[in-house]
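Here the structure is laid out as structure tokens; the discussion comes afterwards.
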Amino acid sequence: MDLGRCRPGVRASDRTRARSKAGHSLRRRLREQHGLEDRPRGSEEELTGPRTLEQIEETPEAAPVSRQALLAAGILLALLTLTTRFWSLGDRPFHHDESIHAHQSYTLMKDGNWRYDPAYHGPFLYYANALVYRVLGASNATARLLPAIFGLFLIAAAIPLARWIGPGAAAAYAALVLISPHLTYFSRFIREDVYSLVFTLGTILAFQTFLETDRARWLTLAAVSFALAGVTKENAYMTGVLFVAYGAWALVERVALAKGRKGALVQAVRSTASWVRARILPLATAALVFLAIWALMYTAFGKYPKDWLAIPKAIKYWMGQHSIARIPGPWYYYVPQLLYYETAIVFAACFSFRRTRHGSPFQRFVLFWAVGSLLLYAWAREKVPWLTVHALLPITILAAVGVASLWRDRREKRPRMALAVFFVLALVNASGMLLACFRYGAHDLEREPKHAEILAYVQTTRDLTRALEQVEIARGKVAPGEPVVTVAGEASWPLTWYFRDTPTKWVTRIDDATTPILVSDWDPQGGLEKQLAAQYTAKRVPIRAWWFAEKYKPDPNGPARPTLTDLLRWWLFHEIWSPIGSQDSTFFVRKDLASSGPLTPLNVPLQNTSARDYAGGSAAVVPAARAFGEPGSGNGQFNEPRGLASDSRGNLYVADTKNGRIQMFDPNGQFVRAMGSPGSVDGQLKEPCGVAVDADGTVIVADTWNHRVARFKADGSWLGVLVDDVRGFFGPRAVLLSHGFLYVADTGNKRVVRFDKDGKRVSDWGTPGSGPGQFVEPVGLAADATGNVYVADTGNHRIQVFDFEGKFLREFPVFGWKDFYTEPYIAIGPTGSIFATDSTEGRVNEYDTAGTLHHSWRPDGVFKRPTGVTVDPLGRVAVSDRETHRLYYWNLADVLR
């Protein structure tokens, strides 16, 4: 008897009376096969839950799909897969990270040099891409060829997956991967993540096959695949944690469900040990194969034998990155990514949840994998779009199971409605995939200024690649081997990749113009542009562009929150509602480049106008009058101290950032008290960076990663918080009290916010950019005797001066501040001079009010990352070093002599 072919009109009661003993047996087998529950009629059942047998019997079977239709669908899927993975593969401008990976692979191919650096992940990408270059040559397309091929493998995984999720779900999986914006985009992107996905999935499928067949070759294949995942990217460590966690969960579940629980744990452990002993040879073989691959690749095939393990180096580096939240975001960062781009997949996955929870062990593992990945990557503090794919892959498998379930039940009303919604969402997401992969939005500021992708994060612009067309013209007008272009500044990546075969002068600053084309950081003062006006045409070119749509990072000039219409139009058409930010360079092109014939030699001496490089000489060594502090969390110990403040008595207040507190010291450096503890509730601080103290002893704190301003009473007790309930803070780095106002450097939102003495928000000023009153990473704040506010505008390498209401007065360039993460703080001395730290060069500078550098010094001994600075009423300047975890005092008379 085939229950799937029962006539629709037969009532359940009639069939029940006629059912034979054989029918009962078949009923049990059907339940076991599908994980079904035999429930009483009339019970409410969620669509996503397992159906009762009566519901199975009453559901008319959907018409089977013809062989011709299946063949046509397969051919269409193959054509679409090839098109979406390979069409115009080299067309999109190379992302900053892509250029690093592509160029290091190119260097490996040419010179054979590579050594493991955890910042750039494992060796597989570099050796694999070097092989591609060796065979096919190096180009934009060949650099991305292997990721595209692995994108094919990811879709082809539907074939082995069918064994555990069924052919219908496998077909749905292939289609979902095909239209997924994330999985498609990063299959056309030279990063390690698509390799990692394929190797992880290969490990799971091979090991599952081994468990079912007990054939050693599948265990060896699983070891090979997991070793390749490990030599690709450190995500394999997190995946390994999930594998172990699931094994422990399965053991606990087995014990919990045992009928005789007494001794069940012992029995489970014994049976597991027995299973291992019986397979000790294949397990040992797999382990040796794993270690061989791991050691060979991490040692660069024996060249660096000490690098064979790699794990300690990787953990040390990435836990360090985790602790500083280099690219921060909230714990739910990946939720909007999934909801915006993968709506159909998330929707369909919801319909598989209960069915999978009661389904086969493999499907339950996939559910564990999906939830575990979401939790792990929510915990990891580096939030970037490409990490979305690691949770997305298991969610896609769950979604495929959900789609197959709905398709099987499509004759029923609710599944049919759910399918209709799914197909609409899938259409929108497929459109989003095409927009993200084949129209580059914010990355073409000249032609597409109103569209953007949060999937792309910070992306190289088409404006840059268009500017490079002049380089090709110039190559034909200079003698072979002569430099064609001179490059200084932030454009070095991705230009290092683009100029890999172009004779190029790479310099820290441009001292003379000898090449047809010069590239430097854009200077709002136009220093080089004025000097080269007679010989060169200057054009400002955005090299990298970004747009942050997240609600936790609002636009300072736009509405407090995007409207529902804004969100809908972005979801449908990727139209943005706030300005696009960019990092710009200036391209200088010889005016006679368009003339016929070769160019005549040219040498134009230039006066350095860059605010980034010191005129010459190292910092003076001035011994500190006092230095104290050491790493730790005890009283007088520090963990990355940053902002400093002093009160009228000479007491010093220190933002002890990584310890989540403020420490107070008397004028002699003796510990007085600590305020706050790590956390996010009242009385706690999350990596505070800035501190100020009022005349009555009230302590104001830039509670950076709680995105608020905290206040403590003079005795250290909790007073409350200030928030900007109009727009919200994002990573405030500094606070300043001046003439009855509180100023907050709202760094992430590129503005300054002003409050009155009662904590009422009065005004704000600042937008992203490089013009007067615009900021790129504003950090330090200071005020002079008249109430003028000074702002350390890090990314623009300048200090801007405003009146107390935020009206722009003037600006002057500073030396140093080369790194975007310099975190410079500033202070005003008794004569009006400005003290500024420069953590990238390891020195403290003193400027006059016109911006002239008069003194630059450092202490004797180790001095690495000077950050916070304050001038106290006792005639001393105090500086914090966030890397050595120490504080330094100098007498002003000693440093200003």
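The values are calculated or read from the model by the stated rules, or taken from the named source; none is laboratory data. Everything quoted here is computed from the prediction, not taken from an experiment. For neighbour counting, all protein chains shown are included, and Cβ atoms are generated from backbone atoms with ideal geometry for every residue, glycine included.
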Here are some conditions: (1) in contact with a helix residue (DSSP H, G or I) (Cβ under 6 Å, 6 or more places away or on another chain); (2) surrounded by 17 or more Cβ atoms within 10 Å (Cβ to Cβ). Residue 136 meets all but one. Which one does it not meet?
(2)
Residue list for the stretch 736-789, filter: among the aromatic types (Phe, Trp, Tyr) and either out of contact with any Asp or Glu (no Cβ under 8 Å at 6 or more places or on another chain) or closer than 18 Å to residue 813 by Cα (or both):
743, 755, 765, 775
The condition of being hydroxyl-bearing (Ser, Thr, Tyr) and in contact with a helix residue (DSSP H, G or I) (Cβ under 6 Å, 6 or more places away or on another chain) holds, among 633, 646, only for 633
For the stretch 641-653, which positions are farther than 11 Å from residue 693 by Cα and part of a strand (DSSP E or B)?
641, 642, 643
Answer yes if at least one residue in the stretch 249-270 is within 30 Å of residue 386 (Cβ to Cβ) and assigned to a helix (DSSP H, G or I), and no otherwise.
yes
Restricting to the stretch 689-723, count the residues that are among the acidic types (Asp, Glu) and farther than 19 Å from residue 780 by Cα.
2
Expected single match for in the same structural domain as residue 415 (by TED's automatic domain parsing), β-branched (Val, Ile, Thr), modelled with pLDDT of 85 or more and surrounded by 14 or more Cβ atoms within 10 Å (Cβ to Cβ) among 276, 289 is 289
Could you list, in sequence order, the residues of the stretch 333-385 that are within 14 Å of the chain's Cα centre (by Cα), among the aromatic types (Phe, Trp, Tyr) and buried (at least 19 other Cβ atoms within 10 Å of the Cβ)?
333, 334, 377
Restricting to helices (runs of 4 or more DSSP H) lying wholly in the stretch 313-367: which have 1 or more residues that are modelled with pLDDT under 90 and closer than 19 Å to residue 407 by Cβ?
353-357
Suppose the filter is touching a Gly at 6+ places or on another chain (Cβ under 7 Å) and either of a type in the set (Val, Ile, Thr) or within 23 Å of residue 392 (Cα to Cα) (or both); does residue 232 pass it?
yes
Checking the conditions here, which among 601, 667 is outside the structural domain of residue 855 (by TED's automatic domain parsing), out of contact with any helix residue (DSSP H, G or I) (no Cβ under 9 Å at 6 or more places or on another chain) and in contact (Cβ under 8 Å) with a residue 60 or more places away in the chain?
601
Within the stretch 659-765, strands (runs of 3 or more DSSP E) holding 3 or more residues that are not hydrophobic (A, V, I, L, M, F, W, C)
761-765
Which of (1) within 33 Å of the chain's Cα centre (by Cα); (2) within 30 Å of residue 739 (Cα to Cα); (3) of a type in the set (A, V, I, L, M, F, W, C) is the odd one out, the single condition residue 638 does not satisfy?
(2)
Can you tell me which condition residue 761 does not meet? The list is (1) at pLDDT 95 or above; (2) more than 22 Å from residue 522 (Cβ to Cβ), and all the others hold.
(1)
In the stretch 770-828, what residues are in contact (Cβ under 8 Å) with a residue 24 or more places away in the chain, of a type in the set (Asp, Glu) and surrounded by fewer than 23 Cβ atoms within 10 Å (Cβ to Cβ)?
777, 784, 805, 811
Could you tell me which numbered condition residue 284 fails, if it satisfies all but one of (1) farther than 15 Å from residue 230 by Cβ; (2) within 30 Å of the chain's Cα centre (by Cα)?
(2)
Lone qualifier among 220, 232, 209 - being among the polar types (S, T, N, Q), touching a residue at least 60 places away in the same chain (Cβ under 8 Å) and assigned to a helix (DSSP H, G or I)
220
I'd like to verify a number: residues in the stretch 293-317 that are in contact (Cβ under 8 Å) with a residue 60 or more places away in the chain, of a type in the set (A, V, I, L, M, F, W, C) and surrounded by fewer than 17 Cβ atoms within 10 Å (Cβ to Cβ), how many?
2
Do any helices (runs of 4 or more DSSP H) lying entirely in the stretch 82-188 carry at least 2 residues that are more than 28 Å from the chain's Cα centre (by Cα) and assigned by TED's automatic domain parsing to the domain that holds residue 224, and which ones are they?
96-111, 124-136, 158-165, 167-179
